[in-house]
Amino acid sequence: MKGAQAILETLHQAGVDTLFANPGTSEMALVRALDDAGTVRGVLALFEGVVTGAADGYGRMAGRPAGTLLHLGPGLANGSANLHNARRARTPIVNIVGEHTRSHLALDAPLTTDVEALARPVSKWVRTIGETADAGPDTAAAIVAARTRGGPATLIVPADVAWTEGATPAATPAALAPVQPGKAQVELAASLARKHGKRCMLLLGGGAVGEQGVAAAARLAAATGVRLASETFNARAARGAGRPFIPKVPYFGEAAEEFLRNVDVLLLVEARSPVNFFGYPGRRGTPVNLGTQVITVAQAGEDGSHALRSIAELCGAGAARSAIAGAQAFDRPTGPIDALSLAKALARQLPEGAVLCDEAVTASIALPEVLAGAAPYDHLDLMGGAIGGSLPLSTGVAIGAPERRVYCVSGDGSALYTIQALWTQARENLDVTTVICANRSYAILAYEHLQIEGRLPGPNAMPVLSLDRPAMRFADMARGFGVEAVTVDSAEGLDDALAAAAKRRGPFLIEAAMAPMALPPKAP
Ligand SMILES: Cc1ncc(C[n+]2csc(CCOP(=O)(O)OP(=O)(O)O)c2C)c(N)n1
């Protein structure tokens, strides 16, 4: 067997059945192996940021890695921002990156670069295959690394390793159950929860914001009075009616400080102690009170949901759950499209079991609170702050969870980084509805300018933060990529368009012309 065949067969045997790809000449043996094996689905994306963002979405939903196929250093570098986001989300991904043949590297041909150096900051594991015989075992090692280290593993494949005979597929050991947090931590958390009640906050992140985790947290809150919160951004949070409403630590530092003010004990369950997104003049870097005792109950990657169940048991929690959101009947929103009417329209129209990929930036501010009363759904955030994540993410979600209806709400600025994800959605006929929040600006940055500089941008600075000249036509762009689309400029129009979208198959795009953002952006 050739090296490339052994790689694909090893992937297939380990359940890695999807390869998001943007290949080049150095990957031709791997492309050919797709034909030989016939077991791995190749999905073409037209920019590597779409490849890697889609793999992130796939991994978050399927709970197992997708593969990516990338073209040498420049292909990997193009995909880096969304690999960074995936690394922050702890999403398992197996990157297969082509490399020149071993003899060709010395010639310094145009595409030659240090692929390992480009891979390291966005990968939890990096290896270049040395010999064809290693192709199978190294692929298995990459899959194990992606599963166990929580993030992308990058395997670099010289072209001659891929096309040479002498490889065999390797068996990948079965995935291990997640590590349980220590008993001492669980007991300490239970005693602190009992002692401090509402002055104790449980901060949930990672898998602890999934269905099981939030259910246990709600029982614990009912028994002890502890407050529940989640990290500001969550890879996959179970939200909506029937689940507890778990507020997020606010994005802006001042609001986050207020949110954390009366917390004597902060218990971290797969979460990190909060830090502000950026440093600001005269402001501390973290919103946590200096006097707050911060205890890690479960590290990222440990089984936080199990820890929550154990703590609930130790606290004698019964079946009663606190803060459960009831299903709400939302009135049809009217007037201009803004953060609140957007949230209300989505709350009315999201079908049960929907997945919402949220990169609406300033337009997303009302979503978590309003959607608490919507049908139960999963909320997926941009995890590493590198915008251009959500269109690719939603594409991968639809492939990783084909039975779910997928929604993507994106700022217009964010959408343009990876707009060609729409073409992959059309080609694969994915049930993704994209709402572009077209406020014709990088609105958040105008606010950040105000915070840092004490004034809004002036006439010479504003052109680097505005998107209005010329105004882009997203519905036309979508049609150009093969996706049907409408433009709406009222909350009623948006509500109708979302209702129509829920009944159709295949991708659809709604360009929502929004009222300009009110400063500062505030939750309702
Ligand atoms: C890769 C990357 N480039 C640039 C930025 C800086 N940035 C943060 S938000 C933003 C604009 C977002 O605009 P849009 O999506 O339209 O949302 P709005 O702020 O208008 O709500 C930019 C450019 C970033 N976070 N990541």
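Tabulated values for the structure
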| item | result |
| --- | --- |
| Overall form of the stretch 225-372 per C-alpha gyration tensor (a/c, 1.5; a/b vs b/c) | oblate |
| Under 16 Å from LYS503, Cα to Cα: aspartates and glutamates that are on another chain or at least 8 residues apart | GLU352, GLU403, ASP431, GLU484, ASP495 |
| Label-to-label distance, nm, for residues given as GLU254 and ASN289 (7 Å Cα→Cβ offset) | 2.1 nm |
| Whole-angstrom Cα spans of the stretch 124-171 along principal axes, big to small | 32, 20, 11 |
| From the C-alpha gyration tensor of the chain, square roots of 5λ in Å | 37, 30, 22 |
| DSSP bridge pairs, the chain: antiparallel proportion in percent, nearest 5 | 10 percent |
| Karplus-derived 3J(HN,Hα), 6.51/-1.76/1.60, for each residue of the stretch 251-264, Hz, glycine and proline x | 5, 7, x, 5, 5, 5, 4, 4, 4, 9, 4, 9, 9, 7 |
| Charge context of ALA119, other residues only, Cβ under 12 angstrom, K/R +1, D/E -1 | +1 |
| In Å, descending, principal axis extents of the Cα set of the stretch 373-524 | 48, 33, 31 |
| Set of aspartates and glutamates with alpha-carbon distance to LYS2 below 18 Å, sequence-local pairs under 8 removed | GLU27, ASP35, ASP36, GLU99, GLU131, ASP134, ASP138, ASP160, GLU165 |
| Column: log10 I(q)/I(0), Debye, Cα scatterers of the stretch 111-234, q = 0.14, 0.18, 0.21, 0.23 Å⁻¹ | -0.77, -0.98, -1.18, -1.30 |
| Amide H contacts under 5 Å for ILE337, placed H, 5+ residues apart | ALA491, ALA515 |
| Candidate lysines for bridging to LYS198, where Cα separation is under 23 Å - those fewer than 8 sequence places away on the same chain excluded | LYS248 |
| The chain, relative contact order in percent, only Cα pairs under 8 angstrom and at least six apart counted | 14 percent |
| ³J(HN,Hα), Karplus 6.51/-1.76/1.60, whole Hz, each residue of the stretch 112-125, x for Gly, Pro | 5, 7, 8, 5, 4, 5, 6, 6, 3, x, 10, 10, 8, 7 |
| Interchain or long-range residues, amide H under 5 Å from GLY411's placed H | GLU359, ALA360, VAL361, CYS437 |
| Amide proton proximity set for LYS248, modelled H, under 5 Å, gap of 5+ | SER230 |
| Average Cα contact separation per residue, the stretch 1-122, under 8 Å, 6 or more apart, as relative contact order % | 26 percent |
| Spin-label model distance (nm) - PHE278 vs GLN328, 7 Å beyond Cα toward Cβ | 3.1 nm |
| Stokes-Einstein D for the stretch 57-125, Kirkwood Rh over Cα pairs, 25 °C, 0.890 mPa s (µm²/s) | 192 µm²/s |
| For the stretch 1-137, alpha-carbon Rg over 2.2 N^0.38 Å | 0.98 |
| Charge-dipole axis of the chain as Lys and Arg at +1 and Asp and Glu at -1 on Cβ define it, positive-most pick from ALA375, ALA513, HIS84 | ALA375 |
| Calculated from backbone phi, Karplus (6.51, -1.76, 1.60) coupling profile of the stretch 170-182 in Hz, x at Gly/Pro | 10, 7, 9, x, 4, 5, 8, 5, x, 5, 7, x, x |
| Ordering of 315-321, 39-45 by packing [mean C-beta count within 10 Å, highest first] | 39-45, 315-321 |
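Throughout, read-outs are computed from the coordinates displayed, never taken from laboratory work. Predicted model only: the values in this text are computed from it and were never measured. Cβ sites come from the backbone with ideal geometry, for glycine too, and all protein chains shown count toward neighbours.
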